[in-house]
Amino acid sequence: MAISFTVNDTPVSVEAEGDTPLLWVLREDLALTGTKFGCGVAACGACSVHVDGKLVRSCSLPVSDVAGRAITTIEGLKSADGTLHAVQQAWIAAQVPQCGYCQSGQIMAATALIKAVGRPNEAQIDAAMTNLCRCGTYPRIRKAILAATGQAVYAAASATMGEGAA
Amino acid sequence: MADNPTPHLAEDTANTPAKPKRKGVKRRAFLVGGALLVGGGAFGLYLAENSTRSRAKALTETDGAHNFLTWMKIAEDDTVTVYSPHIDFGQGTHTALGQMLADELDADWAKVVVEQAPADSAFANTALVKGFMAELSGMPGVVNALPAAVIGMLTRSQNLQITGGSSAVRFTGQAGMRVVGAAVRLALIEEAAARMKVPASELVAANSTISHPATNRSLRYGELAQGAAKRSLTSSPKLKDPKDFKLIGAGLPRADIPSKVDGSAIYGIDFALPDMRVATIAAAPVRGGKLVSVDEAPAMAIKGVEQVVKLDDAVIVVAKGYWQAAKGLAALSPEFSDGGHAGMSTAAIYAAQDELRTSAKPSNTAGSGDVDAAFKAAGNKLITANYRVPFLHHAMMEPFAITGHFKDGKLHLWGGLQDPLGARDRAAKAAGLKMDDVVFHPMIMGGGFGRRFPGVTEILDQIALLAKQLPFPVKLIWSREEEVRHGTYRPQSSAALSAVLGADGKIAAWRSDYVQGDNAEAEAGFIYDVPATSRRHFEYTSNQIDGPWRSVNSTQIGFYNESFMDELAAAAGEDPYRFRRKHLPAGSRYVAVLDEVAARAAWDSALPDGHRRGIAIVESFGTIVAEVVEVMMLPDGRPKVLKAFAVVDCGTVVNPLNAEAQIAGGLIMGLSAAMGEAITLEKGAVVESNFTDYPLITLADAPAEVDVHFINSGAKMGGIGEPGVPPASPALANAIAAASGKRIRTLPIMAQITA
Ligand code: FES
Ligand code: FES
């Protein structure tokens, strides 16, 4: 069946079985591969997108449920002139990604949190940021969220060098 | 600097080595892949190596750019391209290798590009094989005495293009990148001296320019490249004194990061071709089992499903897209045999290991001194403890996905693996093709942690067999369930430790009897000064395939030794930090690392009620890491990690920003495994299926900050990707013991707390 909705402000219509998860429609039908597959059961957050501004794990959302709604993916976060979202900029400044595979989802979760609460405190970050990262980038994710919302954070790099450092 | 993970691939030339030229061999030295070759006496070798060189040139040389053997080229616009034989999956390897070469070259960092070397034997990594041989044989003298050319040949014959063992920077970087950078710099200076007609000694190299201050003239590297590329390179250039490093030691940002925050990075799972189909697979639930039968009809009835393909031990559904394939697979009820492993279970494995330890002879014994005599000596106090650790899943966030296309007799593969050359070899064997007929296109990887070595990646066999029988390209994706259930896990292992304390409160003798597949001695040695030790390995293998899991054997051995050190300290009535310290060689790097972590964690300072610290120190991959974690016990009995500290001596730090991320990430992965991770077996099959029952640590449970500190001792360079992991689990168990009195001897911790 044909299902219509908007993705990153562009209207789209896809021919898909209604039970197909939004994730696979984005990745395979619309070639938006920034949204990742990690578990398929809403347990990791790699597939996070915004549906009408709300954070959703797209692997577990049937595409029939998004008819007429507005989807934002990682590809749609930057502004029309190509300027990265403040959260994306903070992510680069803090050098958050390692393998990077979970990071689209992490950024979608962080932007949704900031949209919802403005300047999240540590407890709000703990509660909202439930996406998994096997590379263990959590301390830098925390730091980048605080930096993106103008909150004091630790020194730029917490690595320190001993005597004889080059 | 820019990072371009997609190599230029000249597919046809990739597989047809240029004919070596016979004439004109002068007595000159060439660097080929870091190896010195001298003409004349080594004529045959020279020719072989020369063909390698031409082949590498053919693969990478473009108009107006000049190749310096297989490692780098300089373009006329000054761009320096460095070819990394290692895969970068987020450890910052490419950046670090580029920094090492560019520093010695005195290149302008803004004009340095690091590219993935093509998956071709011309780029096999000589420096790596030398490093590993030295380390693993324990006889560096013998390896160093071998002619470099022989090692080069050996490397190529073994197709080594591996990323793992924390090898990139310490072997390839030190023995390869720095030497090449320095040698090419000298060739550029020679060329400039000839052109300016001045002595080389009057020239200064900086920022990709050679200048002659006396006459105020200068030439850019791009202008000199063509001439310099024709000059001989010395194999033993003088390397920089560390005090002159400009790029090595600098926290330079990674070039791949912008593409990983806007969704533009293309991973193996993202790759697509026109007309491509997507497939997914279910292999026999019991490893070693075979596919007995399957009725294809239920899958074929699903819209979008095109084909069901049977392999010896698995069934594959090919469809228009992943969802259709997954639905088709779920509709099937394949029957698999159990390969005779139905009796295999987690409990049965531990029982068999206990039995082996008490009734069998060890397969290997390391250590010295008379342990038995010390154990019997009057007045000595005996302490014993048994430890167990489970199988661990790698849990790379990107599930396996490889695209294959068999066309005109060639099998093309696109995916992320830690050893592209090994991947070609394995796929060729599976498909019954010659290695030259397999072209591997390396893609970005969403994590690896030891899971993506061709030796343990059966997906290569699966995609090779599948693609070979389909007329169109096909991407095979493993579901997370397939990942979890068909891993090549860190082995389930157990150990009985015993030691006697002498009247002086010091350890008089130590014995550890550990049971698992591998002898861990070469990797995870014993760092303490104890007069008599016996470390006995009892070999046991289950139906599972043991795979290298980040830091390999050092996680379990580190957990055993460092938990037991705390138990001994308690028995001796001593502080765990001071007890360790007095068993480490005075003035050693170990003591410096341990003292530093105690100082940074303010080890002796008072903590709030219920908060306690734990400490551990492990040396792995040539790097010494000590960690302290501070925990608080929550009302439900769970530990909450509040703070973590790591002090690292890896000799020299190339990029502190990346190194910090690697150590902190390793520490967090170690905590994650210790807290909740376990693969368990029942009736020969894996019980867990997804992150729902294989829980990874979350942001809320990880320490908010990991304080990482490097000691630049200048010692031989050690690894950085793996050594952060091993001390984490014992430091956590030690902190829990201090906080709650409960000694965790079996991992994971949550299973013990909720039990
Ligand atoms: S893929 Fe959707 S939550 Fe993991
Ligand atoms: S950066 Fe690798 S999983 Fe998060």
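I'd like the accessible area for A:Cys102, computed on protein heavy atoms only with a 1.4 Å probe and all protein chains in place. Round to 10 Å², please.
10 Å²
Need one number: nm distance between label points at A:Val117 and A:Thr130, each 7 Å from Cα along Cα→Cβ, rounded to one decimal.
According to this spin-label approximation, the distance is 1.4 nm.
As a test question: what accessible area, to the nearest 10 Å², does A:Ser64 have when a 1.4 Å probe is rolled over all protein chains in place?
Counting only protein heavy atoms, A:Ser64 exposes about 50 Å² to solvent.
Say R0 is 45 Å: what FRET efficiency, to the nearest 0.05, do A:Thr83 and B:Arg195 get from their beta-carbon distance?
The value I calculate is 0.50.
In the structure displayed, which of A:Lys78/B:Lys640; B:Lys111/B:Lys197; B:Lys290/B:Lys327; B:Lys310/B:Lys434; B:Lys361/B:Lys742 lie more than 31 Å apart, Cα to Cα?
Table pairs above 31 Å Cα-Cα are A:Lys78/B:Lys640; B:Lys361/B:Lys742.
So, in nm, how far is label A:Met1 from label B:Lys310 when the simple model puts each one 7 Å beyond its Cα toward the Cβ?
Distance between label points: 3.7 nm.
Over chain A, what is the percentage of antiparallel beta bridges among all DSSP beta bridges, to the nearest 5?
Close to 85 percent.
Trypsin sites (Lys or Arg not before Pro) within the stretch B:643-722: which are DSSP loop residues with at most 15 other Cβ atoms inside 10 Å?
B:Lys683, B:Lys716
Given a 1.4 Å probe and no ligands, DNA or RNA in the count, how much accessible surface is buried by B and A, both sides, to the nearest 100 Å²?
5300 Å²
Would you mind giving the mean number of other chain beta-carbons within 10 Å of the Cβ of each residue in B:341-354, as a whole number?
0
Full extension from B:Lys683 to B:Lys468: what is 0.36 nm times the residue separation minus their Cα-Cα distance, to one decimal in nm?
74.0 nm
Where does the charge balance sit around B:Pro639 when Lys and Arg score +1, Asp and Glu -1, over other residues with C-beta under 14 Å from its C-beta?
Result for the neighbourhood of B:Pro639: +4.
Distance from the Cα centre of the stretch B:583-643 to that of the stretch B:426-479, in angstrom?
About 43 Å separates the Cα centre of the stretch B:583-643 from the one of the stretch B:426-479.
State the Cα centre-to-centre distance between the stretch A:37-60 and the stretch B:190-204 in whole Å.
So the separation of the two Cα centres works out to 62 Å.
Note down the accessible area of A:Phe37, probe 1.4 Å, to the nearest 10 Å².
Rounded to the nearest 10, the figure is 10 Å².
If I take R0 = 41 Å and measure r between the Cβ atoms of B:Ala250 and B:Ser368 in this structure, what FRET efficiency does the formula 1/(1 + (r/R0)^6) give, to the nearest 0.05?
Given R0 = 41 Å and the Cβ-Cβ separation, E is 0.40.
Tell me the net charge near B:Gly450. Cut-off is 9 Å between Cβ atoms, B:Gly450 excluded, with +1 for each Lys or Arg and -1 for each Asp or Glu.
Once all neighbours under 9 Å are counted, the net charge is +3.
What are the lysines whose alpha-carbon lies under 18 Å from the alpha-carbon of B:Lys429, with same-chain residues fewer than 8 places away excluded?
B:Lys407, B:Lys410, B:Lys468
First measure r as the distance between the Cβ atoms of B:Leu382 and B:Val591, then evaluate 1/(1 + (r/R0)^6) with R0 = 35 Å and state the FRET efficiency to the nearest 0.05.
0.80
The values are calculated or read from the model by the stated rules, or taken from the named source; none is laboratory data. Just so we're clear, the structure is a prediction, and the values are computed from it rather than from any experiment. Reconstructed Cβ throughout: ideal geometry from the backbone, glycine too, with neighbour counts over all protein chains shown. The area values use the complete protein model at the heavy-atom level, side chains included, leaving out ligands, DNA and RNA. Shrake-Rupley method; radii C 1.70, N 1.55, O 1.52, S 1.80 Å.
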